[in-house]
Amino acid sequence: MTDARVRERKSKSAKASGEPDFSWETIAYHVQVSRELDRLEEEELVPQRKILYQFSARGHDMAQVMLGLKLTHRHDAACGYYRSRPLLLALGVPVADALGSSMGREGGYSDGRDIGAVFNYPNPGGTPALPMCGGVGAQYTPTAGWAQAIVYNRDVLGHEAYTGAIAVVLGGDASCATNGFWSALTIATTQKLPMLFYVEDNQYGISVPSSFQTPGGDIAANLASFSGLHVLSGDGTDPEAAARLIGEAMAHVRAGQGPALLRLTVPRLQGHSYQDTQTYKSDDFVASEWARDPLPRLKALVGEKLWAETGEAARAAVAEARAEAEARGISDPERVTSHVFFDGEMQQRGGQWTKGYKAPHSTETARPEGQRINMVTAIRRTLDHELEINGRVLLFGEDIGAKGGVHAVTLGLQEKHGPERVFDTSLSEEGIVGRAVGMALAGLMPVPEIQFRKYAEPALEQINDCGTMRWRTNNRFAAPMVLRMPVGFFKCGDPWHSQTNEVQFVHNPGWLVAAPSNAEDAVGLLRSALRGNDPIVFFEHRAMLDDAWARRPYPGDDYVLPFGRAKKVREGRDITIITWGAMVPRCEAAAEGLSADVIDLRTLVPWDREMVLESVRRTRRCLIVHEDLRSGGFGAEIAAVVADEAFLDLDAPVSRLTMPDIPSPHNPVLLDWAVPSVAAIRARIEELVGF
Ligand SMILES: Cc1ncc(C[n+]2csc(CCOP(=O)(O)OP(=O)(O)O)c2C)c(N)n1
């Protein structure tokens, strides 16, 4: 039987019964495909250096195939880790894609951009494998987000078809010690989400025994009394026991009874990866692991004849896939810079645009109405309007519900739009952003809030992984969202609540970054972001939220401001001053009575190089003013570009005025000394103009 024939038969039987083909025959086939792939890689492709990273699934394979074959609901999703290839095979990944991706060839999971073991599978119409990450534990919170999106689609958007769908996350025993695991466990249990935690306990995380990850080495035993979690545990090498446990766990979650955790003990029959020689295991232990190989038990169950037949078909399928994978070329290096951002070609999965979203009428012309409002009101009004007209928008973060946010930006929005759409979260920034990733993957437009800029740090892994998703999946997946966070000082400073550090996000490929200085720009940029197709960091400067200068009339419900378009707040001849955020009014005041271009960048990714270069070439002098630290601040990037591209036009050195390289000081006197003041900016302008 060939691979194609097995799949054809599989889909026929699935169609006929409406049930998955969970037959021993299909299980035997996929398990043997997985084994043959491991063998081929270890004996031939790695020694030939055609594959550089190899992770064997031997020992984990049988139970994983069973798990994959049970994922049959249209809205199920799974997120795995580097040892999850058997699950992928069961979901229907073409074997040539699995092999070609491991060989770094064109096409496949990433077009050669990522390690083949770090996979993704959009599987339109079927169960997707959400883009996994190289970081252990990063798979958990996005899966919780998908699970919450199932509930949201069913209960808020009224899509009955989501009833019974589940999200499954796979991980090893060591991954149970990660922040992501605990964050997702908290989310899933407090929200009673349809989520299955599937733990493959092989007793080791590379060389570290599982007793270092959880006391006693048994996570299921330790979680037995965890409220709201149905815990199961058993032998993942016993075909019938494993099938029963997987069935039980799934039935519990599908029935809407809340999350479950299933721990299956399995042997790791190879080193952690190909390079790992396992010197830390005794010979006796290795022998005892081989004695637990699930294959002989599976073979005994299916019988010699069927085993041989499915084995032959599996080997034929792998040989065919190998030929196809080896025939694939290497992607053109010229293409490797594509798909960092949405560039007009729609991703296959993720984001509201893949779900039929059509942006309502938008205009780049502001139609100011009414009295001037502060930035808080402007942002709230924009969020309110987009919540009103787009059911896919949802807001969440710490204290944003009943309290309305510690900066009052979301005040009243929960009351108006309901606790399903505007809600408080557990105190885990990784959970806030990771959950947003999963929701975005499921087609929603999440708007997570981080309470203060500095507290985005626990979420940095999720932020980075979200940004790179479109690129590393070669535009198969994207997770557009609007990540709001207050930045900067407010009256006083301190190291915790007053950081700006925008460059950290600029340095994460795939994120657009907005830093509006006033209410009108905030409305336009926020609305562009909410109707967009990329992840966006939206900075709300604390000092500007209620600042008189930043108050502007509301520019209208359809006003959008495209990213990358700076604004000249003053025009002049003698110097160009480039700034953003809370430094804009200071620069404006400092230039009073002088002939200066003052440019408010408004967005840092992308930034308006054209406007800056045109201005500098004309004024022949350039001063960059920012609140962030000097070394490696965004000003350094601007200065480098100006030096590169306008060197011969300059009459004075490119200059920067910034905070010194210190955390923000608390006492207002110390803060005023550290942050560029109007007087300091004025002095620097005069120095440069007189140069
Ligand atoms: C955040 C992070 N830290 C460290 C690593 C390096 N690393 C890769 S796999 C691994 C062990 C994971 O073991 P486990 O979760 O038990 O899965 P197993 O390999 O045993 O299947 C480590 C430490 C990583 N990939 N990510």
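The values are calculated or read from the model by the stated rules, or taken from the named source; none is laboratory data. No experiment lies behind these values; they were computed from the predicted model shown. Using ideal geometry, Cβ is built from the backbone for each residue, glycine included, and neighbour counts are taken over all protein chains shown. Surface areas here come from the heavy atoms of the whole protein model, side chains and all, with no ligands, DNA or RNA. Shrake-Rupley method; radii C 1.70, N 1.55, O 1.52, S 1.80 Å.
Computed on the Cα trace of segment 324-476, the radius of gyration divided by the Kirkwood hydrodynamic radius gives Rg/Rh = 1.05.
Using 0.36 nm per residue and subtracting the Cα-Cα separation, the extra length available between Arg367 and Asp284 on full extension is 22.1 nm.
Placing +1 at every Lys and Arg Cβ and -1 at every Asp and Glu Cβ, with all other atoms neutral, what dipole size does segment 418-465 have around its Cα centre, in debye to the nearest 20?
On the way: 4 positive and 8 negative charges, 28 e Å.
The dipole of segment 418-465 has a size of about 140 debye.
For the chain, the fraction of 1.4 Å probe accessible surface lying on carbon and sulfur atoms is 53 percent. Once the C-beta distance of Glu320 and Glu345 is scaled by a Förster radius of 30 Å, the resulting FRET efficiency is 0.50 to the nearest 0.05. The order of the peptides 662-671, 120-129, 561-570 by mean Cβ neighbours within 10 Å, most packed first, is 120-129, 561-570, 662-671.
When the charge dipole of the chain is built from unit charges on Cβ atoms (+1 for Lys and Arg, -1 for Asp and Glu) and taken about the Cα centre, the candidate among Thr279, Val406, Ser655 whose Cα reaches farthest toward its positive end is Val406. Mean sequence separation of contacting Cα pairs (under 8 Å, at least six apart), scaled by the length of the chain, corresponds to a relative contact order of 11 percent. Ranked by the mean number of other Cβ atoms within 10 Å of their residues, highest first, the peptides 142-153, 509-520 fall in the order 142-153, 509-520.
With +1 on each Lys and Arg Cβ and -1 on each Asp and Glu Cβ, and nothing else charged, work out how big the dipole of the chain is about its Cα centre, in Debye to the nearest 20.
On the way: 72 positive and 88 negative charges, 220 e Å.
In total the dipole reaches around 1060 debye.
The slack in the chain from Leu427 to Val641, taken as 0.36 nm per residue of separation less the alpha-carbon distance, amounts to 73.0 nm. Based on alpha-carbon centroids, what's the gap between segment 402-450 and segment 280-307 in Å, whole number please? Cα centres, segment 402-450 to segment 280-307: 48 Å. Annotation: extensible slack from Ala291 through Asp276 equals 3.4 nm (criterion: 0.36 nm per residue apart, minus Cα-Cα distance).
Where does the chain land at 222 nm, in deg cm²/dmol rounded to the nearest 500, when only DSSP H runs of n ≥ 4 count, each adding -39500 (n - 2.57), divided by all residues? Before the final figure, lay out the partial values.
Details: 23 runs with 258 residues, N = 691.
Calculated from helices alone, the mean residue ellipticity at 222 nm is -11500 deg cm²/dmol.
Surface exposure of the chain, expressed per residue as accessible area with a 1.4 Å probe, stands at 37 Å². Candidates Phe563, Ser528, Met544 compared by Cα position along the dipole of segment 522-616: farthest toward the positive end lies Ser528, with charges placed on Cβ. Pairs exceeding a 25 Å alpha-carbon distance, out of Lys358/Lys454; Lys70/Lys299; Lys403/Lys491; Lys454/Lys491: Lys358/Lys454.
Within 10 Å, count the other beta carbons around each residue, average over each peptide in 231-243, 164-176, 447-459, and list them highest first.
Working: 231-243: 20.0, 164-176: 26.0, 447-459: 22.1.
For the peptides 231-243, 164-176, 447-459, the packing ranking is 164-176, 447-459, 231-243.
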